[in-house]
Amino acid sequence: MPANKYALLRYRIIDRCLTNRMRPYPTKEGLRRACEEGLYGSEGERISISTIEKDLWAMRNENELGYHAPIVYNAEHRGYEYEDPDYSISGLNLQEQDLQALRFATLTLLQFRDMPVFQQYQSAIGRIFDRVHATAPGQGIDQHIQFEQAPQTLGTEHIAALMSAIGEQCVVRFTYRKFVAGGDPEESDRCIEPYLMKEYRNRWYLIGKPEGADDVKTFALDRMSDVALDDARFVRDPKFDAARYFKDTIGITSGAGGVQEFRWAAAPLLSHYLDSQPIHATQRHLDVAPPHPGWTCYAIDVHPTYELNQWILGFGAHVHPLGPASWVEALRQTHQDALDRLG
(Lines give C-alpha, C1' and ligand atoms only; values in the text may rest on other atoms or scores of the structure.)
Protein backbone atom coordinates (compact mmCIF):
# COMPACT_ATOMS: atom_id res chain seq x y z
CA MET A 1 0.00 0.00 0.00
CA PRO A 2 1.44 3.43 -0.93
CA ALA A 3 2.90 5.36 1.99
CA ASN A 4 1.21 8.61 2.90
CA LYS A 5 3.18 11.82 3.11
CA TYR A 6 3.56 11.61 6.90
CA ALA A 7 5.04 8.13 6.64
CA LEU A 8 7.51 9.36 4.03
CA LEU A 9 8.49 12.21 6.31
CA ARG A 10 9.02 9.78 9.19
CA TYR A 11 11.22 7.59 6.99
CA ARG A 12 13.40 10.60 6.23
CA ILE A 13 13.65 11.53 9.90
CA ILE A 14 14.47 7.92 10.87
CA ASP A 15 17.11 7.85 8.14
CA ARG A 16 18.62 11.06 9.49
CA CYS A 17 18.78 9.54 12.99
CA LEU A 18 20.40 6.33 11.75
CA THR A 19 23.08 8.25 9.83
CA ASN A 20 23.83 10.70 12.66
CA ARG A 21 27.42 9.90 13.66
CA MET A 22 27.20 12.20 16.69
CA ARG A 23 24.26 10.28 18.21
CA PRO A 24 24.49 6.70 16.96
CA TYR A 25 22.30 3.71 17.83
CA PRO A 26 18.94 5.43 18.43
CA THR A 27 16.29 3.43 20.30
CA LYS A 28 12.67 3.07 19.19
CA GLU A 29 11.73 5.69 21.75
CA GLY A 30 14.46 7.98 20.45
CA LEU A 31 13.17 7.54 16.89
CA ARG A 32 9.62 8.15 18.07
CA ARG A 33 10.59 11.41 19.79
CA ALA A 34 12.57 12.58 16.76
CA CYS A 35 9.60 11.97 14.47
CA GLU A 36 7.23 13.58 16.95
CA GLU A 37 9.36 16.71 17.18
CA GLY A 38 10.04 16.82 13.43
CA LEU A 39 6.38 16.58 12.46
CA TYR A 40 4.45 18.12 15.34
CA GLY A 41 6.89 19.95 17.56
CA SER A 42 7.06 19.29 21.28
CA GLU A 43 3.32 19.27 21.94
CA GLY A 44 1.60 15.96 22.69
CA GLU A 45 2.37 12.38 21.72
CA ARG A 46 0.81 11.61 18.35
CA ILE A 47 3.23 8.89 17.21
CA SER A 48 3.30 5.51 18.93
CA ILE A 49 6.09 2.95 19.27
CA SER A 50 4.05 0.56 17.11
CA THR A 51 4.08 3.18 14.33
CA ILE A 52 7.88 3.32 14.50
CA GLU A 53 8.02 -0.49 14.40
CA LYS A 54 5.87 -0.51 11.27
CA ASP A 55 8.07 2.19 9.74
CA LEU A 56 11.23 0.18 10.38
CA TRP A 57 9.61 -2.88 8.81
CA ALA A 58 8.47 -0.90 5.78
CA MET A 59 11.90 0.62 5.25
CA ARG A 60 13.42 -2.86 5.33
CA ASN A 61 10.82 -4.83 3.37
CA GLU A 62 8.32 -2.69 1.46
CA ASN A 63 9.02 -3.33 -2.24
CA GLU A 64 7.00 -0.32 -3.38
CA LEU A 65 9.27 1.98 -1.40
CA GLY A 66 12.34 0.33 -2.86
CA TYR A 67 14.56 1.24 0.12
CA HIS A 68 15.42 -2.30 1.31
CA ALA A 69 17.20 -0.51 4.13
CA PRO A 70 19.76 -2.70 6.02
CA ILE A 71 18.42 -1.71 9.46
CA VAL A 72 19.63 -3.96 12.29
CA TYR A 73 19.37 -3.92 16.06
CA ASN A 74 22.73 -3.63 17.84
CA ALA A 75 22.33 -5.59 21.06
CA GLU A 76 25.59 -4.32 22.52
CA HIS A 77 24.57 -0.67 22.18
CA ARG A 78 20.81 -1.35 22.55
CA GLY A 79 19.84 0.68 19.52
CA TYR A 80 19.38 0.60 15.77
CA GLU A 81 21.88 1.18 12.99
CA TYR A 82 22.45 0.58 9.30
CA GLU A 83 24.46 -2.59 8.77
CA ASP A 84 26.17 -0.73 5.92
CA PRO A 85 27.48 2.47 7.58
CA ASP A 86 27.49 4.30 4.22
CA TYR A 87 23.83 3.55 3.45
CA SER A 88 21.10 6.19 3.32
CA ILE A 89 17.66 6.04 1.75
CA SER A 90 18.48 9.23 -0.14
CA GLY A 91 21.18 7.33 -2.00
CA LEU A 92 22.96 10.63 -2.58
CA ASN A 93 25.63 12.40 -0.60
CA LEU A 94 24.28 15.90 -1.03
CA GLN A 95 25.74 19.04 0.44
CA GLU A 96 23.47 21.69 1.91
CA GLN A 97 23.82 23.85 -1.21
CA ASP A 98 22.66 20.89 -3.32
CA LEU A 99 19.65 20.35 -1.07
CA GLN A 100 18.82 24.04 -1.23
CA ALA A 101 18.85 23.85 -5.04
CA LEU A 102 16.53 20.81 -4.89
CA ARG A 103 14.18 22.60 -2.51
CA PHE A 104 14.00 25.53 -4.92
CA ALA A 105 13.34 23.17 -7.85
CA THR A 106 10.58 21.29 -6.03
CA LEU A 107 8.95 24.56 -4.98
CA THR A 108 8.96 25.60 -8.64
CA LEU A 109 7.37 22.30 -9.64
CA LEU A 110 4.81 22.60 -6.85
CA GLN A 111 3.32 25.68 -8.53
CA PHE A 112 1.88 23.50 -11.29
CA ARG A 113 0.43 20.65 -9.21
CA ASP A 114 -3.14 22.03 -9.39
CA MET A 115 -3.13 22.32 -13.18
CA PRO A 116 -5.27 19.57 -14.73
CA VAL A 117 -2.40 18.13 -16.77
CA PHE A 118 -0.34 17.64 -13.59
CA GLN A 119 -3.09 16.24 -11.38
CA GLN A 120 -2.22 12.65 -12.25
CA TYR A 121 1.28 13.37 -10.94
CA GLN A 122 0.13 15.28 -7.85
CA SER A 123 1.01 12.43 -5.50
CA ALA A 124 4.49 12.06 -6.98
CA ILE A 125 5.11 15.82 -6.83
CA GLY A 126 3.98 15.84 -3.21
CA ARG A 127 6.32 12.97 -2.33
CA ILE A 128 9.29 14.70 -3.94
CA PHE A 129 8.49 17.90 -2.08
CA ASP A 130 8.08 16.11 1.27
CA ARG A 131 11.26 14.05 0.90
CA VAL A 132 13.47 16.96 -0.05
CA HIS A 133 12.04 19.36 2.54
CA ALA A 134 12.09 16.74 5.31
CA THR A 135 15.89 17.01 5.29
CA ALA A 136 15.55 20.48 6.76
CA PRO A 137 12.59 20.67 9.16
CA GLY A 138 11.69 24.22 10.05
CA GLN A 139 13.52 25.69 7.03
CA GLY A 140 10.52 26.70 4.93
CA ILE A 141 11.96 27.90 1.64
CA ASP A 142 8.40 28.75 0.58
CA GLN A 143 8.52 31.41 3.33
CA HIS A 144 11.61 32.93 1.67
CA ILE A 145 10.67 32.79 -2.03
CA GLN A 146 7.49 33.71 -3.89
CA PHE A 147 6.78 33.18 -7.57
CA GLU A 148 4.55 35.27 -9.80
CA GLN A 149 1.10 33.71 -10.01
CA ALA A 150 -1.95 34.75 -12.00
CA PRO A 151 -5.24 35.17 -10.04
CA GLN A 152 -6.87 32.83 -12.58
CA THR A 153 -5.45 30.80 -15.46
CA LEU A 154 -8.04 29.64 -17.98
CA GLY A 155 -7.46 27.03 -20.66
CA THR A 156 -5.02 24.85 -18.73
CA GLU A 157 -7.54 21.99 -18.92
CA HIS A 158 -6.64 21.68 -22.61
CA ILE A 159 -2.89 21.24 -22.08
CA ALA A 160 -2.90 17.45 -21.70
CA ALA A 161 -4.90 16.86 -24.90
CA LEU A 162 -2.81 19.33 -26.90
CA MET A 163 0.46 17.86 -25.64
CA SER A 164 -0.77 14.43 -26.71
CA ALA A 165 -1.77 15.78 -30.13
CA ILE A 166 1.66 17.35 -30.64
CA GLY A 167 3.49 14.16 -29.64
CA GLU A 168 1.31 11.87 -31.75
CA GLN A 169 1.00 14.35 -34.64
CA CYS A 170 -2.79 14.30 -34.47
CA VAL A 171 -4.91 17.01 -36.03
CA VAL A 172 -6.82 18.90 -33.34
CA ARG A 173 -10.21 20.60 -33.66
CA PHE A 174 -11.68 23.28 -31.43
CA THR A 175 -13.95 26.30 -31.32
CA TYR A 176 -12.00 29.54 -31.06
CA ARG A 177 -13.13 32.94 -29.77
CA LYS A 178 -11.20 35.71 -31.54
CA PHE A 179 -11.13 39.04 -29.74
CA VAL A 180 -12.10 41.93 -31.98
CA ALA A 181 -11.43 45.60 -31.24
CA GLY A 182 -14.67 47.43 -30.55
CA GLY A 183 -16.90 44.38 -30.83
CA ASP A 184 -17.92 41.04 -29.39
CA PRO A 185 -15.59 38.03 -29.79
CA GLU A 186 -16.03 36.11 -33.03
CA GLU A 187 -16.36 32.33 -32.75
CA SER A 188 -15.20 29.92 -35.45
CA ASP A 189 -14.34 26.23 -35.75
CA ARG A 190 -10.65 25.52 -36.29
CA CYS A 191 -8.71 22.51 -37.55
CA ILE A 192 -5.02 22.77 -36.63
CA GLU A 193 -1.81 20.81 -36.99
CA PRO A 194 -0.31 21.47 -33.53
CA TYR A 195 3.45 22.11 -33.34
CA LEU A 196 4.32 23.83 -30.09
CA MET A 197 2.98 24.96 -26.70
CA LYS A 198 4.28 28.16 -25.13
CA GLU A 199 3.63 29.98 -21.87
CA TYR A 200 3.91 33.76 -21.82
CA ARG A 201 2.96 35.98 -18.88
CA ASN A 202 0.84 33.28 -17.22
CA ARG A 203 -1.09 32.47 -20.40
CA TRP A 204 -0.70 29.34 -22.52
CA TYR A 205 -0.65 29.34 -26.31
CA LEU A 206 -0.72 26.77 -29.10
CA ILE A 207 1.37 27.35 -32.21
CA GLY A 208 0.21 25.34 -35.20
CA LYS A 209 -0.68 25.35 -38.87
CA PRO A 210 -4.36 25.82 -39.76
CA GLU A 211 -5.89 23.42 -42.27
CA GLY A 212 -4.95 24.50 -45.80
CA ALA A 213 -2.62 27.30 -44.63
CA ASP A 214 1.05 27.74 -45.44
CA ASP A 215 2.09 29.52 -42.25
CA VAL A 216 1.71 28.71 -38.57
CA LYS A 217 -0.46 30.82 -36.28
CA THR A 218 -0.83 31.36 -32.54
CA PHE A 219 -3.95 30.44 -30.54
CA ALA A 220 -4.60 31.27 -26.89
CA LEU A 221 -5.81 28.30 -24.83
CA ASP A 222 -8.15 30.48 -22.76
CA ARG A 223 -10.17 31.22 -25.91
CA MET A 224 -10.59 27.55 -26.89
CA SER A 225 -13.55 25.27 -26.24
CA ASP A 226 -14.66 21.81 -27.37
CA VAL A 227 -11.07 20.68 -27.95
CA ALA A 228 -10.91 17.25 -29.62
CA LEU A 229 -8.21 15.13 -31.23
CA ASP A 230 -8.93 14.00 -34.76
CA ASP A 231 -8.13 10.54 -36.13
CA ALA A 232 -6.26 12.22 -38.97
CA ARG A 233 -2.47 12.41 -38.71
CA PHE A 234 -0.23 15.06 -40.23
CA VAL A 235 3.40 15.32 -41.29
CA ARG A 236 5.19 18.07 -39.43
CA ASP A 237 6.51 20.86 -41.65
CA PRO A 238 10.31 20.37 -41.68
CA LYS A 239 10.77 24.13 -42.08
CA PHE A 240 9.29 24.79 -38.63
CA ASP A 241 12.06 25.04 -36.02
CA ALA A 242 10.62 25.35 -32.51
CA ALA A 243 13.96 26.45 -31.08
CA ARG A 244 14.22 29.37 -33.52
CA TYR A 245 10.58 30.36 -33.99
CA PHE A 246 10.59 32.90 -31.15
CA LYS A 247 14.30 33.73 -31.33
CA ASP A 248 13.78 37.08 -33.10
CA THR A 249 10.65 38.22 -31.34
CA ILE A 250 9.33 39.69 -28.11
CA GLY A 251 6.11 38.10 -26.94
CA ILE A 252 3.95 35.36 -28.35
CA THR A 253 3.66 36.41 -32.00
CA SER A 254 6.54 35.84 -34.37
CA GLY A 255 5.52 38.72 -36.63
CA ALA A 256 5.18 38.88 -40.39
CA GLY A 257 7.12 42.09 -41.02
CA GLY A 258 10.60 40.61 -41.02
CA VAL A 259 13.34 41.39 -38.51
CA GLN A 260 14.00 45.12 -38.12
CA GLU A 261 16.26 47.27 -35.99
CA PHE A 262 14.23 49.14 -33.37
CA ARG A 263 15.97 52.06 -31.65
CA TRP A 264 15.12 54.12 -28.59
CA ALA A 265 16.68 56.26 -25.87
CA ALA A 266 16.13 55.59 -22.17
CA ALA A 267 16.22 57.92 -19.18
CA PRO A 268 19.14 57.45 -16.75
CA LEU A 269 17.21 55.45 -14.14
CA LEU A 270 15.56 53.18 -16.69
CA SER A 271 18.87 52.54 -18.44
CA HIS A 272 20.18 50.86 -15.27
CA TYR A 273 17.24 48.43 -15.35
CA LEU A 274 17.69 47.75 -19.07
CA ASP A 275 21.40 47.09 -18.62
CA SER A 276 20.77 44.68 -15.73
CA GLN A 277 17.95 42.86 -17.57
CA PRO A 278 17.85 43.40 -21.36
CA ILE A 279 14.46 43.03 -23.04
CA HIS A 280 16.01 40.89 -25.82
CA ALA A 281 19.23 39.01 -26.51
CA THR A 282 20.14 41.45 -29.30
CA GLN A 283 19.84 44.54 -27.08
CA ARG A 284 22.90 46.79 -27.38
CA HIS A 285 24.05 50.34 -26.78
CA LEU A 286 24.17 52.74 -29.72
CA ASP A 287 27.10 55.08 -30.01
CA VAL A 288 25.00 58.08 -31.04
CA ALA A 289 24.09 61.37 -29.42
CA PRO A 290 21.00 60.92 -27.19
CA PRO A 291 18.01 63.24 -27.62
CA HIS A 292 18.25 64.29 -23.96
CA PRO A 293 21.28 64.86 -21.68
CA GLY A 294 22.29 61.76 -19.70
CA TRP A 295 20.04 59.39 -21.66
CA THR A 296 21.32 56.16 -23.26
CA CYS A 297 20.47 54.93 -26.76
CA TYR A 298 19.62 51.26 -27.43
CA ALA A 299 18.72 48.97 -30.32
CA ILE A 300 17.33 45.46 -30.78
CA ASP A 301 16.74 43.32 -33.88
CA VAL A 302 13.27 41.71 -33.77
CA HIS A 303 10.00 41.32 -35.64
CA PRO A 304 7.50 44.14 -35.15
CA THR A 305 4.93 42.83 -32.68
CA TYR A 306 2.16 44.09 -30.43
CA GLU A 307 4.11 42.85 -27.39
CA LEU A 308 7.16 44.94 -28.34
CA ASN A 309 4.97 48.05 -28.43
CA GLN A 310 3.50 47.09 -25.05
CA TRP A 311 6.98 46.91 -23.55
CA ILE A 312 8.07 50.29 -24.86
CA LEU A 313 4.78 52.04 -24.08
CA GLY A 314 4.94 50.62 -20.56
CA PHE A 315 8.06 52.68 -19.86
CA GLY A 316 6.02 55.85 -20.48
CA ALA A 317 7.93 59.12 -20.51
CA HIS A 318 11.19 57.36 -19.64
CA VAL A 319 11.57 56.21 -23.26
CA HIS A 320 12.08 58.23 -26.44
CA PRO A 321 11.53 56.04 -29.57
CA LEU A 322 14.05 56.78 -32.34
CA GLY A 323 13.17 54.51 -35.23
CA PRO A 324 12.01 53.18 -37.60
CA ALA A 325 9.90 56.22 -38.41
CA SER A 326 6.67 54.22 -38.89
CA TRP A 327 7.13 52.64 -35.46
CA VAL A 328 7.78 56.00 -33.82
CA GLU A 329 4.63 57.38 -35.42
CA ALA A 330 2.54 54.40 -34.24
CA LEU A 331 3.73 54.88 -30.65
CA ARG A 332 3.20 58.64 -30.85
CA GLN A 333 -0.36 58.08 -32.04
CA THR A 334 -1.05 55.66 -29.17
CA HIS A 335 0.16 58.24 -26.64
CA GLN A 336 -1.90 60.92 -28.35
CA ASP A 337 -5.03 58.76 -28.23
CA ALA A 338 -4.47 58.20 -24.52
CA LEU A 339 -4.08 61.94 -23.92
CA ASP A 340 -7.25 62.67 -25.89
CA ARG A 341 -9.21 60.22 -23.74
CA LEU A 342 -7.88 61.85 -20.58
CA GLY A 343 -9.21 65.16 -21.86
Of the residues that make up the range 218-228, is at least one farther than 27 Å from residue 238 by Cβ, at pLDDT 90 or above and touching a Leu at 6+ places or on another chain (Cβ under 6 Å)? yes
Residue 292 over 33 Å from the mean Cα position of the chain (by Cα) and either under 20 Å from residue 272 (Cα atoms) or crowded, with 19+ Cβ neighbours inside 10 Å (or both): yes
Collect the residues in the range 229-260 that are at pLDDT 90 or above and in contact with a Pro (Cβ under 8 Å, 6 or more places away or on another chain), keeping them in residue-number order. 260
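Do you know which of the residues in the range 59-87 that are among the aliphatic types (A, V, I, L, M) and out of contact with any helix residue (DSSP H, G or I) (no Cβ under 7 Å at 6 or more places or on another chain) is surrounded by the most Cβ atoms within 10 Å (Cβ to Cβ)?
72
The values are calculated or read from the model by the stated rules, or taken from the named source; none is laboratory data. Predicted, not measured: the structure shown is a model, and the values here were computed from it. Using ideal geometry, Cβ is built from the backbone for each residue, glycine included, and neighbour counts are taken over all protein chains shown.
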